[in-house]
Amino acid sequence: MLRVLGKPGSINVRKVLWTCIELGLPFELDPWGAGLRATDDPAFLALNPNAMVPVIRDGDFVLWESNTICRYLAAKHGRGDLLPADAAARARVEQWMDWQATELNNAWRYAFMALVRKSPAHGDAAALADGVAGWNRMMAILDARLLDTGAYVAGDRFTLADIAIGLSVNRWQMTPIERPHYAAVDGYMSRLSAQPGFAPHCRNGMP
């Protein structure tokens, strides 16, 4: 059985768990991460020298990086609906997954650490204001994209990109900041709520 090493509250671990639900793929969750088994343990570092979750073990195959894990699982199990075989369609899905991991993640980091994690290292009011403004700008890009597609981030059907983006939208909506009202984003989250992995691993009370 597939083993997922990580902390169930981690947004990146939740990407993998949601993907497993969409695939109907059984898995075992091994608890690693803050408050659990420390990822600087030599046993974990042997699997991922970055000391980051998630990691999967699929038989003898070990893989880290959440977006890569999701793509691997969808491809292995032949789910062309989640990760298309067509090069252009697949690139569109991967584009938005990578945007989430780079542009969007970088935008929300300061505000999330300050307001949710209560990090003492993130107490600068000006930096917080800049972080909130930058986060909202990224969400405006997403809202415009969803207005264009009228459905999902990569087009007219649910894909792996929506797992990554949906989790980030949930985090934005649950963090106590002033935010614009984006009707297309609200409609998008309503559509995502029909997916079987949404309630247990996205809108589950955790940002």
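The values are calculated or read from the model by the stated rules, or taken from the named source; none is laboratory data. Keep in mind that what you see is a predicted model, and the values were worked out from it rather than measured. In this analysis, Cβ positions are derived from the backbone assuming ideal geometry, glycine residues included, and neighbour counts consider all displayed protein chains. These accessible areas exclude ligands, DNA and RNA; they are computed on the full protein's heavy atoms, side chains included. Shrake-Rupley method; radii C 1.70, N 1.55, O 1.52, S 1.80 Å.
Structure summary
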| quantity | calculated |
| --- | --- |
| Residue list for the range 50-88, filter: loosely packed, with under 12 Cβ neighbours inside 10 Å and part of a strand (DSSP E or B) | Phe61 |
| Residue within the range 168-176 that is outside any helix (DSSP H, G or I), of a type in the set (D, E, K, R) and in contact with a helix residue (DSSP H, G or I) (Cβ under 7 Å, 6 or more places away or on another chain) present | no |
| Near pairs, Cβ below 9 angstrom, 6+ apart or cross-chain, from the range 21-38 (closer than 16 Å to Gly59 by Cβ) to any residue that is in a strand (DSSP E or B) and β-branched (Val, Ile, Thr) | Phe27/Val4; Phe27/Ile56; Glu28/Val4; Asp30/Val4; Asp30/Val55 |
| Filtered residue count, the range 46-67, keeping only those that are in contact (Cβ under 8 Å) with a residue 12 or more places away in the chain and of a type in the set (Gly, Ala, Ser) | 2 |
| Search result, residues across the range 8-27 that are closer than 18 Å to Met52 by Cα, at pLDDT 95 or above and either open to solvent by 30 Å² or more (accessible area, probe 1.4 Å) or polar (S, T, N, Q) (or both) | Ser10, Asn12 |
| From the options Asp130, Asp143, residue that is open to solvent by 60 Å² or more (accessible area, probe 1.4 Å), touching a residue at least 12 places away in the same chain (Cβ under 8 Å), of a type outside the set (Ser, Thr, Tyr) and part of a helix (DSSP H, G or I) | Asp130 |
| Every residue from the range 1-35 that is hydrophobic (A, V, I, L, M, F, W, C), touching a strand residue (DSSP E or B) at 6+ places or on another chain (Cβ under 9 Å) and within 20 Å of Met113 (Cβ to Cβ) | Val13 |
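Matching residues to (1) open to solvent by 70 Å² or more (accessible area, probe 1.4 Å); (2) at pLDDT 95 or above; (3) of a type outside the set (D, E, K, R):
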{"residue": "Pro120", "(1), (2), (3)": "yes, yes, yes"}
{"residue": "Ala126", "(1), (2), (3)": "no, yes, yes"}
{"residue": "Tyr152", "(1), (2), (3)": "no, yes, yes"}
{"residue": "Arg157", "(1), (2), (3)": "yes, yes, no"}
{"residue": "Ile163", "(1), (2), (3)": "no, yes, yes"}
